[in-house]
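Q: Take a look at this one; I'll ask things after.
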Amino acid sequence: MSNVFQKLRERGYIAQTSDDKAVEELLSGRTTLYEGFDPTGSSLHIGHLLSLMAMHHLQQAGHRIIFLLGGFTAIVGDPTGKSETRQFITPEQVAANGEAMRRQVQRLGLLDFESGDNPAVVRNNYDWLDMRLSDYMLNAARYFSINRLITHETYQERLKRQEHLSLMEFLYSTLQGYDYLYLYKNEGCRLQIGGNDQWRNILDGVELIQYVLGEQAYAMTFPLLLDPSGQKMGKTSTGMRVWLDPERTSPFEYYQYWVNTPDQDLERNLKLFTFLPLDEIASILSGHPRDAQHRLAYEATKIAHGEEAARQAQSDSKSAFAAQGALPADVPTLTLTEAELAEGVKVTNALADSGLVKSRGEARRLLQQGGIRLWDERLTDVDRIFTPEDFREVEGVRAIILRAGKGKVLKILLS
């Protein structure tokens, strides 16, 4: 336990705390901590993975973890970093998303909900935030200062640009603050963690506990990771979010996301998104960057989807990109007949019809930008059709491998 704060710092998980010395001392014993996740969708994505990895380290060190589902706050909608009001989600949608997210977290295995000594637990803030307006006014609203709330950067930016800010959104941080107060009183939570964009919201909870109870609680946040283009980490080169649900982002696509990690981000990502010891990471980084990228991709995919899926994704990646005379297995597949080929099948249509890209318009844009490869040939003609000469004999079948962007692959078979 005494080293977990230092471990998190050495691996790069800590952006800031409300009090470094006090938080380190708190984590040297055994405490209860939590992070909230609003179920605005049915799956977590890579943006959530950093928190789950940190929570795993904290639970392994003996701390009690509460995974808080924002069943009520997801309906309100967190305005943090948003330039417009979120689309409203019905309570029924939120409840279904929350159940899917709960099952997903348990499937991932990063948090142990079965431990006899120290199981992680799931709570849902709908259980206490679905209260009478008078209770909210008396137990929460009266402690918050409008003068202070209005200084939140998100609110300032929205008001400066004269963009709509609903009262419901404005009250979001007061509800998150009340979560902390409730969990402090009922679960003994002394620490709230979250992404660094949640810093002010978390501090509102720390201050509410001080106002109401006269007691001290703490905050710790994780860095917001950006890719070299400056956008939040967790999207592919085509702008698609990378999900932890294998039905939405296949293990192969997930592997490809990590294998395309820029060289300058390798050390950071190996420390944050694998369980490899630091000395082994240093050894990996001393070798060829491409080997390090594949090791990162394998370890990250193993965590999210299991060892078997990671091995298959690694094998498929080598088959698809190293021209080793084998066809990838776990990738989208389209089958064409000789008759269809003779009639003429456009590359753009195949890309869209297979679901590899969202639309034919996107397929055309990728072609014009040189983002589509047929085997090793870069295609740019938006009217390009497949010819018999495009197909190669591989593993007893005639096939084509199309690559879109850095990580998407389509296998086309001729029957």
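The values are calculated or read from the model by the stated rules, or taken from the named source; none is laboratory data. Since the structure is predicted, the reported quantities are computational estimates derived from the model, not experimental observations. When we count neighbours, we look across all protein chains shown, and the Cβ atoms used for this are built from the backbone with ideal geometry, even at glycine.
Q: Just to be sure I understand, how many residues within the stretch 328-354 are closer than 28 Å to PRO246 by Cα and either in contact (Cβ under 8 Å) with a residue 24 or more places away in the chain or buried (at least 18 other Cβ atoms within 10 Å of the Cβ) (or both)?
A: Residues in the stretch 328-354 being closer than 28 Å to PRO246 by Cα and either in contact (Cβ under 8 Å) with a residue 24 or more places away in the chain or buried (at least 18 other Cβ atoms within 10 Å of the Cβ) (or both): 14 in total.
Q: While we're here: Cβ-Cβ under 6 Å, sequence separation 6+ or interchain: first residue in the stretch 169-181 and in the same structural domain as MET131 (by TED's automatic domain parsing), partner of a type in the set (Ser, Thr, Tyr) and assigned to a helix (DSSP H, G or I). Which pairs?
A: LEU175/THR73
Q: Taking ILE66, is it touching a strand residue (DSSP E or B) at 6+ places or on another chain (Cβ under 7 Å), of a type in the set (A, V, I, L, M, F, W, C) and in contact (Cβ under 8 Å) with a residue 24 or more places away in the chain?
A: yes
Q: Okay, moving on. Could you go through the stretch 371-386 and let me know if any residue there is in contact (Cβ under 8 Å) with a residue 60 or more places away in the chain, touching a strand residue (DSSP E or B) at 6+ places or on another chain (Cβ under 8 Å) and under 27 Å from LYS318 (Cβ atoms).
A: Within the stretch 371-386, one or more residues are in contact (Cβ under 8 Å) with a residue 60 or more places away in the chain, touching a strand residue (DSSP E or B) at 6+ places or on another chain (Cβ under 8 Å) and under 27 Å from LYS318 (Cβ atoms).
Q: Working carefully through the options GLU169, GLU215, GLU163, find the one that is of a type outside the set (A, V, I, L, M, F, W, C), touching a Phe, Trp or Tyr at 6+ places or on another chain (Cβ under 9 Å), over 17 Å from ARG64 (Cα atoms) and at pLDDT below 95.
A: GLU169
Q: So which residues in the stretch 250-264 are within 17 Å of LEU44 (Cα to Cα) and charged (D, E, K, R)?
A: If the condition is that a residue be within 17 Å of LEU44 (Cα to Cα) and charged (D, E, K, R), then GLU253 is the only one that fits.
Q: Does the stretch 399-410 include one or more residues that are closer than 19 Å to ASP353 by Cα, of a type outside the set (Gly, Ala, Ser), outside any strand (DSSP E or B) and in contact (Cβ under 8 Å) with a residue 40 or more places away in the chain?
A: No, the stretch 399-410 has no match at all.
Q: Let me ask something additional. If you go through the stretch 196-207 one residue at a time, do you hit one that is among the hydrophobic types (A, V, I, L, M, F, W, C) and over 30 Å from ALA140 (Cα atoms)?
A: no
Q: Could you list all residues from the stretch 355-370 that are modelled with pLDDT of 85 or more and closer than 18 Å to ARG241 by Cα?
A: Passing the criteria: SER359, GLU362, ALA363, LEU366.
To keep it simple, each residue is scored yes or no on (1) within 28 Å of the chain's Cα centre (by Cα); (2) surrounded by fewer than 20 Cβ atoms within 10 Å (Cβ to Cβ); (3) within 17 Å of ASP130 (Cα to Cα).
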| site | (1), (2), (3) |
| --- | --- |
| PHE144 | no, yes, no |
| THR154 | yes, no, no |
| GLU169 | yes, no, yes |
| ASP179 | yes, no, yes |
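Q: Ok, one more. Output the residues belonging to the stretch 110-134 that are assigned to a helix (DSSP H, G or I) and surrounded by 13 or more Cβ atoms within 10 Å (Cβ to Cβ).
A: Once the filter is applied, which keeps residues that are assigned to a helix (DSSP H, G or I) and surrounded by 13 or more Cβ atoms within 10 Å (Cβ to Cβ), the stretch 110-134 yields TYR126, TRP128, LEU129.
Q: Something else: Any residue in the stretch 74-85 that is within 16 Å of the chain's Cα centre (by Cα) and surrounded by 15 or more Cβ atoms within 10 Å (Cβ to Cβ)?
A: No, the stretch 74-85 contains no residue that is within 16 Å of the chain's Cα centre (by Cα) and surrounded by 15 or more Cβ atoms within 10 Å (Cβ to Cβ).
Q: Moving to a separate point now. Of the conditions (1) under 24 Å from SER43 (Cβ atoms); (2) aliphatic (A, V, I, L, M); (3) without any contact (Cβ under 8 Å) to a residue 60 or more places away in the chain, ALA304 satisfies every one except a single condition; which number is it?
A: Only one criterion is unmet by ALA304, namely (3).
Q: Look at ILE66 and say whether it is of a type in the set (Val, Ile, Thr), part of a loop (DSSP other than H, G, I, E, B), at pLDDT 95 or above and surrounded by 16 or more Cβ atoms within 10 Å (Cβ to Cβ).
A: No.
Q: How many of the residues making up the stretch 16-45 are in contact with a strand residue (DSSP E or B) (Cβ under 9 Å, 6 or more places away or on another chain), more than 22 Å from ALA96 (Cβ to Cβ) and outside any loop (DSSP other than H, G, I, E, B)?
A: Final tally of qualifying residues: 10.
Yes or no, residue by residue, for (1) in a loop (DSSP other than H, G, I, E, B); (2) surrounded by fewer than 22 Cβ atoms within 10 Å (Cβ to Cβ); (3) modelled with pLDDT of 95 or more:
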site: ARG248; (1), (2), (3): yes, yes, no
site: TYR254; (1), (2), (3): no, no, no
site: GLN264; (1), (2), (3): no, yes, no
site: LEU270; (1), (2), (3): no, no, yes
site: LEU276; (1), (2), (3): yes, yes, yes
site: SER283; (1), (2), (3): no, yes, yes
site: LEU296; (1), (2), (3): no, no, yes
site: GLU299; (1), (2), (3): no, yes, yes
site: ILE303; (1), (2), (3): no, yes, yes
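Q: Exactly one condition in (1) at pLDDT below 90; (2) of a type in the set (Lys, Arg); (3) out of contact with any strand residue (DSSP E or B) (no Cβ under 9 Å at 6 or more places or on another chain) is not met by LYS235; state its number.
A: For LYS235, the exception is condition (3).
Q: Under the condition of being part of a loop (DSSP other than H, G, I, E, B) and at pLDDT 90 or above, which residue from the stretch 69-109 is farthest from HIS152 (Cα to Cα)?
A: GLY109
Q: Between THR154, THR174, which is in a helix (DSSP H, G or I), within 21 Å of ASN124 (Cβ to Cβ) and out of contact with any strand residue (DSSP E or B) (no Cβ under 8 Å at 6 or more places or on another chain)?
A: Matching residue, one of THR154, THR174: THR174.
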